[in-house]
Every structure is written in C-alpha cells, then in structure tokens.
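Single-structure report; data block below.
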Amino acid sequence: MFDGLRLVHWKPDRRSDGYLVLTLDRADESVNALSRGVIDELDSMLERIAIDLPKGVVIRSGKAAGFIPGADIKGFEQIEAKGQVEDWIRRGQLVYQRLAELRCPTVAAIHGHCMGGGTEMALACKYRVASNDESTRIGLPEVKLGIYPGWGGSVRLPRLVGAPAAFDMMLTQRNLTASAARAIGLVDRVVEPAMLLDAALGILQRRPIRPFKQRALAWATNTWAARQVLAPQMVKQVARKARKEHYPAPFSLISTWQRSGGLPIHAALKAEARSVVALAKTPTARNLVRVFFLMDRLKSLGGKDHGISHVHVVGAGVMGGDIAAWCALRGFSVTLQDREMQYVQPAMDRAAKLFEKRVKDPAKREATSARLVADVEGAGVAKADLVIEAIFENADAKRALYAKLEETMKPEALLVTNTSSIPLTDLRADLRKQSNFAGLHYFNPVAMMPLVEIVKHDFMAPEMERRLAAFCRAIDKLPVPVAGTPGFLVNRILAPYMQEAILCYSEGIPGAVIDKAALKFGMPMGPIELVDTVGLDVAASVGKIMADFHGQVLPEAFKVEAGKRGKKDGQGLYKWENDKAIKPPVPEGYQVPTDLEDRLVLSMLNEAVSCLHDGVVSDADLLDAGVIFGTGFAPFRGGPIQYIRSVGAASLKAKLELLATRYGSRFTPRPGWDALQE
C-alpha cells in the first residue's frame, strides 16, 4: 500500500481484518511535535489510502508520553522568519481536510497530552477515543501564542461540541481530562490505557451515532442568529480580561466565527487561514512565541537530578506554610516547623484547602496530606535533604537560626533562605558550609506565581545552583538564577515602580487613575492595588533596602499607619472588602497627567537596564523571563529589555532625562542604556 514511500515518522500497519493503524513516532524527538516532515508523510499516506481504502483508520501515538503536543514551535518560528506562515497554515489545513474527507471511518486514539495541532488532527477524524489516565489532557492553547487554532480546529470544534463549549476551550486555553472531553461530546469513548487500541477498532466496527441532544446543541449554537447573539457576549467576557490592542487573537477568533461559522467547510477554512496568518505577523504573536521559548529555557535549567526527597521548612507564616504545602502537593515529604503549634496550624489549614482544590481523588488527597507533617520540635531537620528558612526579615535572627540548624543538619543537606531582599553575603558569613547555602526566593501567592529566584553568592557551589534548578522543576516552578544583591531581580525592578506609584498617589493623583495607566500598558494589576496587596509595611521595608542600596532617602510618602497596611488590615491606600479593593471614584473632569504612564513604566525599565548592566542575571533573555514570570510584566511586549529594543533605547533614555528635569535624580538614566543602543 505504501510501497516506495520513505516513512521516517509514521509506522503503518495494515491488519489482517482490513483496518489500518497509523502510529506516529517522530524519529528525531522525544515527543510527537508536528513538523513539516510529519505532515508531509501523513499527506503522502492519505493520498495512497484514498485510492486503496481500508475498512477504517486508527491514528495513535508511539510515544509513551502522549499523543501530539501540537506543532513544533521552533519549526514555526523558522517558518515565520522565512515569511512562509500562510503556506504552512494552508498546508496543515489541506492535509487535515484530506483526512476528514476519507471515505472510510477514522478514529484518533488519544493517550497523554493532545494539544493544538494534535487536537486538530483528532477533530479531523470521524471519532475520538481517549484513555482515562491522569496524564491525558486535550486542549487548544494557541491563544497564548497570539494566534488561534488554524488547521481547522476553530471551524470543526464549534460544529462538533457547540459554540459555548468550544469557545470556552479555545479562549481560556483550558485543558480537558478525557471524561470532561466526553461530557461535551469531543470524545466518543473513554477507556483504560491498555484497552485504547481495541476500543478504537471497536468504534470503527460499530460506528456509533452521537446523542441527538449533542447534535442539536451543536447545530443550534452555530446558526446565524445564535452567532449574532453569542459573539458579542463572548467579546464582553474576553474584554474583562484582555485588551484588544494588546491581545487581538481572541477577538479575531470570535469575529471570524461570527462572520463565517455557517459557511461550507472550505470557505470557513479559508476565513480561518486569513485571520490566523494576519495574527501570526503581529508583534504580539512574535513576543508571545518568544515568551514560550523563555519558559522553555527556564524549564531546561538543571535537568532532573536534584537528590532531594525530604524538605524541612522553618517558619509557618504565609510564605513558609504555603511553600511547605506546595512541596507536599508536588510529591515531597515535608516537615513544617515554628515556635508553637498555634503558629503551624493556620498553615496546615490552608494546606488542606489547597489539597482539596487541587487533588480531586480522596485517596490521593489523603496521601498528599500525609506528606505534610507539623514539626514544632524540628525533628525533620536531621532527615532533610533541603532546609528552607522562611522566618521574618531580620538578618540577625536568620543567622542565629542557621547556627542552630547546622548542629543537626546532614552534612550534605542544602540550606536555603526565602529572604526577599537581604543580601546573602550578610547571611552566609558564619555558616560552616557556605558552599551549600543559597537563596530560594518564592513569590506570593506560592500556588499561583510560577517563578522562583535562585539567589547566588560568591561562595556557593556551582552544583548547588544546578540541583536547586532541578528541584524547582520538580515542584513545577520556573527557576531564574540571580546575583545576591539587594532586592535580587524581581523586587529590585518592582521597588522603583511601586515607589513612583506611591509618590504619584501622595501628589493627589487618584489611585484608580494610577492603576488604570499601568493596566493600559499591560500590567496585570495596578501598582496601588499591588502595594496594598503586598502590604505597605513590606513595600516600605523593601523600599528602604533599595533606597539605601542606591544611596537615596526613602520618601516620606512611605509612612505606614497602624492598622492601615493594606489588604491584610482591610485598609491601606484603598479600603478592602471581601478581598476586593474599593476604589474611590475619580473626580468628574479630572485631567490625567500626560506623563503618568512614563513615570511608572520608565521607573521599571531604568532599573531593568541597571540590573542587566550590574550582572544580576547572566543575559537579557533571563532578565525578561524573570520579570515576566515574576511580576506579570506585559507578556505581549516580550519583557523589559525586548520592549526597550523594540521602541528604541535612545528615545526612552531621552524621556528619562526629561523626567529627571521635572521630578528629580531618581529618573537619571542608569548605566547600561548606551549598550542597548548599539
């Protein structure tokens, strides 16, 4: 059947019962990322299959890791650089449509990850069967790359499962379990992994008809009238979370479906291709693809071998307790220590809520809870491979604790501090084994923030950095190695931004106006709300450290009143009710200062340039990655240094010089700007 075809990635098996099984096992990768070679081979096989039809076709993966994680992003980046995006999109559509038009039944047998182009391939099949393994996840996450499904996914999914469920998947990038996929009609059957092939063959034999209710919903929600009603509602929902000028892809997805969702398949595919090709050429898409690679780089740091099984955390406050709970959730044995049980118990209660939310299986939740043990006496220190100190920010107290810990720690155990700003040279001086000491700086809330700073010092062993990076990956965090200077990377860059916001507020600029300016730039939260969330006391403490570091005086505006520290007191710069900021209305006719956005954003950019110049991180990409994943800095802008390069370092430096004449020396361009103009 396939005589003369040179198949490298696909393994066809024409069975004696007349069915054909196509197994994808990409030869040059550990996963089945869709490359030009994979697609071309599939096209060649489909051409032969159409001539010599089998009784049915099963498409499955030969990789234990999963089905297909999507298109090869590295390959896509090269295609985009060559200006071949339209050809690539149309090529994928053509091959998948050829699969969809086969005159025999087809079924995708899904196990493990099935994302993007993999899900679109499954949608081009007549049927889908999935394994009930925990690793099985089905999704269409292309929106996070600044585009949307362009190989027919945005056309076929609404017609299969109905518009509401389809757009919920595509707009939120939500990955579905096998059972959730079946519930919406995306998957026809869910079985044990060992039964996957047999179940796929069984479906080909029986050719089941989907329930009438599912078919009726799919039809009704895609009619012209339904599209005109649903599309504006979806636009409103998206607009609450993203600006069209920042993230055009979800808006384009909705409008394309609204206009062409009822067209014949070939016309609808053409509309999809035009829209996706246009999006792929936008700066947003290029920067979001860049962010994907930055994340990939952070994930690759350190490898997998960390040699850590038991973690002991000292300090059961919000940070320490949540770090301990997260480590237990990710499979580590954890002991949590504080002075008395009354300080540990709130952390255990928060952990229980986290486990209830994240672990649905009762037996597995019980096992997760059992991995976290309250340890007031500190018995876990002697067993720990990693000891994490997370007590209050006082260098003397931390040094005293280290001396006590070293009396019982294993000689090879690692000791790390979660300090947010104290230089490690101030903490390591009295340690017996300084080479096994480092900073491991988490961000609040631990369960939500993906970044962890690995804080280095001059006596730290290189192997320590590698092991800590591997540990971060094991707990599903992104590590960024940083120098142990005050504020490290993220807090050093955030401090002047928050300071400038407080100064603006003290000048009488309404908090809501300040926050709106930052949100307009693309920040996930306004700086006034951020200061209240972090706590005015914490902001003042970090601000004092950074002011001392830069030889400046902390402004009087940082004065903290008792009972008014922010969200935790219910009152700060804003009043807080039910965890929400109550922002006073802006006076009618208020004129927003024209340089407000520049004051906020350039404060961050100036410090980012300074950090790069001072070697806080080893290169600009690591700086951009750390600031994006640590602060939420507008991902569509690609990071502070990428933004500076795209706008022009010379013009931004000139703006800083103008601000310095208006507001003082804090805006004087730091060393490093000239290097970015080269």
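With the requirement that a residue be basic (Lys, Arg) and over 30 Å from Val452 (Cα atoms), what does region 490-517 give you? Matches in region 490-517: none.
Picking from residues in region 112-133 that are touching a helix residue (DSSP H, G or I) at 6+ places or on another chain (Cβ under 8 Å) and in a strand (DSSP E or B), the one that is nearest to Asp25 (Cα to Cα) is Cys114. Across region 559-573, the number of residues qualifying as out of contact with any helix residue (DSSP H, G or I) (no Cβ under 7 Å at 6 or more places or on another chain) and on the phi > 0 side of the Ramachandran plot comes to 1.
Can you confirm whether Gly543 is at positive phi and under 29 Å from the mean Cα position of the chain (by Cα)?
no
What number of residues in region 566-585 are part of a loop (DSSP other than H, G, I, E, B) and under 16 Å from Ala501 (Cα atoms)? Total satisfying the criteria: 4. The condition (being under 19 Å from Asn287 (Cα atoms) and either aliphatic (A, V, I, L, M) or assigned by TED's automatic domain parsing to the domain that holds Leu217 (or both)) is satisfied by just one residue among Ile68, Ile79: Ile79.
Quick one: in region 519-533, of everything that is hydrophobic (A, V, I, L, M, F, W, C) and within 21 Å of Arg565 (Cβ to Cβ), which residue is nearest to the chain's Cα centre (by Cα)?
The selected residue is Met525.
Can you say whether Asp598 is surrounded by 22 or more Cβ atoms within 10 Å (Cβ to Cβ) and either among the charged types (D, E, K, R) or in the same structural domain as Ala501 (by TED's automatic domain parsing) (or both), as far as the supplied structure shows? No: the conditions fail for Asp598.
Taking each residue of region 72-100 that is of a type in the set (Val, Ile, Thr) and looking for partners that are not in a helix (DSSP H, G or I) with beta-carbon atoms closer than 6 Å, six or more apart or interchain, yields Ile89/Gly150. The criterion of being in a helix (DSSP H, G or I), in contact with a Leu (Cβ under 6 Å, 6 or more places away or on another chain) and either over 30 Å from Thr485 (Cβ atoms) or among the β-branched types (Val, Ile, Thr) (or both) does not hold for Ile514. Across region 502-517, the qualifying residues are those that are closer than 18 Å to Ala539 by Cα and of a type in the set (A, V, I, L, M), and the one among them that is surrounded by the fewest Cβ atoms within 10 Å (Cβ to Cβ) is Leu503. Of all residues in region 23-59, those satisfying the criterion of being in a strand (DSSP E or B) and surrounded by 21 or more Cβ atoms within 10 Å (Cβ to Cβ) are Leu24, Leu34, Gly56, Val57, Val58, Ile59.
For region 640-667, the set of residues classified as touching a Lys or Arg at 6+ places or on another chain (Cβ under 8 Å), closer than 27 Å to Val291 by Cα and crowded, with 19+ Cβ neighbours inside 10 Å consists of Gln642, Tyr643, listed by residue number. With a requirement of 3 or more residues that are in contact with a Lys or Arg (Cβ under 8 Å, 6 or more places away or on another chain), in the same structural domain as Gly378 (by TED's automatic domain parsing) and touching a residue at least 60 places away in the same chain (Cβ under 8 Å), none of the strands (runs of 3 or more DSSP E) lying completely within region 400-462 satisfies it. Across region 62-85, the number of residues qualifying as surrounded by fewer than 16 Cβ atoms within 10 Å (Cβ to Cβ) and in a loop (DSSP other than H, G, I, E, B) comes to 6. Restricting attention to region 126-144, the residues that are surrounded by fewer than 24 Cβ atoms within 10 Å (Cβ to Cβ) and over 13 Å from Pro69 (Cβ atoms) total 8.
Restrict the check to region 292-305 and report whether at least one residue is part of a helix (DSSP H, G or I), in contact with a Gly (Cβ under 6 Å, 6 or more places away or on another chain) and among the small types (Gly, Ala, Ser). The answer is no, given that none of the residues of region 292-305 is part of a helix (DSSP H, G or I), in contact with a Gly (Cβ under 6 Å, 6 or more places away or on another chain) and among the small types (Gly, Ala, Ser). With respect to the conditions (1) loosely packed, with under 15 Cβ neighbours inside 10 Å; (2) modelled with pLDDT of 95 or more; (3) hydrophobic (A, V, I, L, M, F, W, C); (4) in a loop (DSSP other than H, G, I, E, B), Ala367 falls short on a single one, namely (4).
The values are calculated or read from the model by the stated rules, or taken from the named source; none is laboratory data. Note that the structure is predicted; figures quoted are calculated from it, not measured. Don't worry about glycine lacking a Cβ; one is built from the backbone with ideal geometry, like all the others, and counts go over all protein chains shown.
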